[in-house]
Each structure stands twice: as structure tokens, then as C-alpha cells.
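Since the structure comes first, as C-alpha cells, the remarks are kept for the end.
The values are calculated or read from the model by the stated rules, or taken from the named source; none is laboratory data. Every value quoted in this text rests on a predicted model; they were computed, and no experiment measured them. Note that each Cβ is placed from the backbone with ideal geometry, even for glycine, and that neighbours are counted across all protein chains shown. Each accessible area value is taken on the protein alone, full model and side chains, heavy atoms only, with ligands, DNA and RNA left out. Shrake-Rupley method; radii C 1.70, N 1.55, O 1.52, S 1.80 Å.
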2 protein chains.
Amino acid sequence: MTPTAGSAADGRKQIYRGRVVTLNLETVTLPNGATIELEVIRHQGAAAAVPLTDDGNVLLISQYRHAAGGYIYEIPAGKIDPGEEPIACAAREVEEEIGRRASSIAPMLSFYTTPGFTDEVIHLFLATGLTPGTQSLEHDEVLEVVEMPLEQAMRHIADGTIRDAKTIIGLQSAYLARGPRRP
Amino acid sequence: MTPTAGSAADGRKQIYRGRVVTLNLETVTLPNGATIELEVIRHQGAAAAVPLTDDGNVLLISQYRHAAGGYIYEIPAGKIDPGEEPIACAAREVEEEIGRRASSIAPMLSFYTTPGFTDEVIHLFLATGLTPGTQSLEHDEVLEVVEMPLEQAMRHIADGTIRDAKTIIGLQSAYLARGPRRP
């Protein structure tokens, strides 16, 4: 049999294909034998980095996010371009968003942001050895760079000021890797 | 002027309304004056809990997730029902997914899962004082309960076995709150 409409062959019906997300209805047979239809947001993946200075400060951005209703604190991050390695994407976003070059970009973790409805993976890195670079924002990026001690950022997780998942994971991971605060 | 087609009045054009997600194209004027159109996934929000035993073990689920391509480790979590309080949702999911009742459900954090394209917020709790309850799975939930020491779960974050964002945040937060491992 020859597949006809494309989507029928693999149980995927494309509802919308956009700039950032693709929404499919996908027919899936689960390991328990049940066949269900799932709404799945297909995403190309992203990379993010925790920029940590030699003094133990982190460089965050306070970015306007429409979906979050205002400005939120984040680490630099962005979508992976076609063919781009995650580590190259992370280094690029550090320079574009906070205007620093990192002499070291070390892999930390990769994780699913919200696997109930999307395949988006974020690859997380630690960026150190920071030197001045050139900030270069897109027309739809509205943000300010904010530098603070890692310990202060940890307190801002606890008090609810920092409430972006990748940023919380990145800061907690950096803090746990470094051990208790240094003198 | 009278709004005509509904969506025009508030700059929202609904592309799809599903069981889990609603996809809109939303016209937004940013603080820098630029007007852009964003793909926004509107979501009702979710609650999750880290179930921690008196012995310092966590109860995770190994759940089949189509979007993640197989089984992944997660903490119990689920969508908030209309009118439901997040804390009630978390307690409900702990009983339904792992078959335990929690005598204490304490708020930990709330966070945006991936604010570049969705308003989904997950409210995270710590569930302790666990006693036997009744597991009750939906037909589309395929999972097994896995108990392990919190320290082992932390190692599984580092080695890439645990790769779900809410689960990483929950485990790291529980570990940081409890302090270094006890004897």
C-alpha cells in the first residue's frame, strides 16, 4: 500500500506548523495495548548556559516573556539552529544575550521541559572563563543583564523571584557541583 | 468600534483547542515598541510532589511518555482540574499514581516549564508522612513505582538517567533543603 496523505502513514496529523512549535495529533499504541490520540508539540530543542564569573557571580537576564505575563529571570538560552551543535548554540546565546565570551562551556545536564505534551529537550552547560564579547539582540528580545552572587540567586529561587525551570535547574546544579559557599 | 470576530479584540487567534493544550497566535506589543506575533500554548497548569519516606527514600514513577520516546523517571504529577487547588491536585496525584497518602504536603516552588512558548506553571510540593493508599491509574497511564534513596536519585540526575525537568527540580530542592546526607 502506498501512503497517501503523509500523516496517515505514521499516525501523525499535523495541525499547525509554526516558527517555534509544530502541533501534531499523534495516534499511539501504549505498552498496555491502549490506543490513544495525543496532542504533541514538536520542538527543535534548545540550549542554555549558566554563566559563572571567577568571583562566583552568575549573569542572569531579566527578560520580557509574554507567556509569563512580564519580566522573568532566566539564564541565556535559545533554540538550536538546524545543524547546530547544542554546545555551539549555548556559546552563541551567552555572547548574544549577555555579551560575554566563555573560554569553557562544560555540559551539565539535558532534560525534557514538560514531556506530557512536548518533546522539547534543553541541553544545559556551565559557561566559565568569561571575557567581554558583543551583545546582539533580536528585535523580539527585550532583556537586561543582571549580575548577582550565586548564593543570592539561590535565595531568589527559594523566595519565588526566580521561577523559570531551566534557570532553577542550572543554578541548583552549579551550586551543588561547587559545594557549600566558599569564604 | 465593536469587535467582530472575537479573536481580533484581544489579539488572540485560536488555532486549536484540545484536551491538554490550546494553541494561539497572539499579537503582542513588547516594551521596546515592537509588535510581534507569538505562538503560545495555553495550559491549565499542573501540580507535582516529591514523595519522601521517613527513611529518606523517594518514590518515583517510571512512566511511558510518547513525546520522550519511552519510559522516563518522574515524580507524581498531573494537570490541575478546573477549580482544584494545586495542593489538592498534588495530594491526589500522589495517591493515584504511587498509591500513598501523605499526611503532610508542603509547598516548595512554582515555576514556568518553558516560558518561551507556554504559560504552563507547575506547583511543586514535598509529600511526607506517607501511608498506604489506593493506586488508581487512567487508561493512558503506563507506569511503575520505583523507590530509591534520595542520594541515588541525585546520582541518577548526574548520570542522565533522570531527565525530566520537574523531577530534577524537585529532587534537587529536597536534597538542598535537607542538607548533606545523614548517617
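Side notes on the structure shown:
- Summed over both chains, the accessible area lost when B and A associate is about 4900 Å², using a 1.4 Å probe.
- Solvent accessible area, Å² - A:LYS13, 1.4 Å probe, full protein context: 110
- Solvent accessible area, Å² - A:THR134, 1.4 Å probe, full protein context: 90
- Theoretical ellipticity at 222 nm over chain B - DSSP helices of four or more residues, -39500 (n - 2.57) apiece, nearest 500: -6500 deg cm²/dmol
- Nearest-10 value in Å² for the accessible area of B:HIS123, using the 1.4 Å probe: 50
- Loop-located chymotrypsin sites (Phe, Trp or Tyr not before Pro) across region A:52-157 with a Cβ neighbour count of 10 or fewer within 10 Å are lacking, with loop assigned by DSSP.
- Taking only the C-alpha atoms of chain B, the Rg (one decimal) and the largest Cα-Cα distance, Dmax (whole number), read 19.2, 71 Å.
- Listed residues A:ILE157, A:ILE61, A:ILE98, most fluctuating in chain A (Gaussian network, C-alpha, under 10 Å): A:ILE157
- Taking the Kirkwood radius as Rh and the Cα radius of gyration as Rg, region B:56-111 has a ratio of Rg/Rh equal to 0.98.
- Dipole of region A:1-134, positive direction: furthest Cα of A:ALA91, A:TYR73, A:ASN32, with charges on the beta-carbon: A:ASN32
- Exceedance of the 24 Å cut-off in Cα-Cα distance is limited, within the set A:LYS13/B:LYS166; A:LYS13/A:LYS166; A:LYS166/B:LYS79, to A:LYS13/B:LYS166; A:LYS13/A:LYS166.
- Taking Cβ atoms as reference points and 11 Å as the exclusive limit, the residues near A:VAL40 contribute a net charge of -1, counting Lys and Arg as +1 and Asp and Glu as -1.
- Here is the list for region A:102-183: GluC sites (Glu not before Pro) lying in DSSP coil, each with at most 15 other C-beta atoms within 10 angstrom of its C-beta, are A:GLU138.
- Once the 1.4 Å probe is applied to the protein heavy atoms, region B:35-127 comes out at 34 Å² accessible per residue.
- Of all accessible heavy-atom area on the protein assembly as shown, the percent that carbon and sulfur account for (1.4 Å): 49
- Heavy-atom accessible area, 1.4 Å probe, ligands and nucleic acids excluded: residues of region B:61-77 down by at least 10 Å² from chain alone: B:TYR64, B:ARG65, B:HIS66, B:ALA67, B:ALA68, B:TYR71, B:ILE72
- Between region B:54-129 and region A:54-83, the Cα center-to-center distance that results, in Å: 25
- Spherically averaged projected area in nm², based on the convex hull that wraps the Cα atoms of region B:75-146: 5.7
- Simple Cβ-charge dipole of the protein assembly as shown, Lys/Arg +1 and Asp/Glu -1, about Cα centre, in debye nearest 20: 300
- Two-site FRET efficiency, A:GLN152 against B:LEU137, from Cβ-Cβ distance with R₀ of 41 Å, rounded to 0.05: 0.45
- With a Förster radius of 30 Å applied to the C-beta separation of A:ALA34 and A:SER110, the computed FRET efficiency comes to 0.55.
- At 0.692 mPa s and 37 °C, Stokes diffusion of the protein assembly as shown via Kirkwood alpha-carbon radius, µm² per second: 153
- Tilt relative to chain B, helix B:86-98 - C-alpha long axis, 0 to 90 degrees, to 10: 50
- Helix axis angle, A:165-178 relative to chain A longest principal axis, alpha carbon, degrees: 50
- Residues in region A:142-180 occluded by at least 30 Å² - accessible area, probe radius 1.4 Å, against chain by itself: A:VAL142, A:ARG163, A:ALA165, A:ILE168, A:ILE169, A:GLN172, A:LEU176
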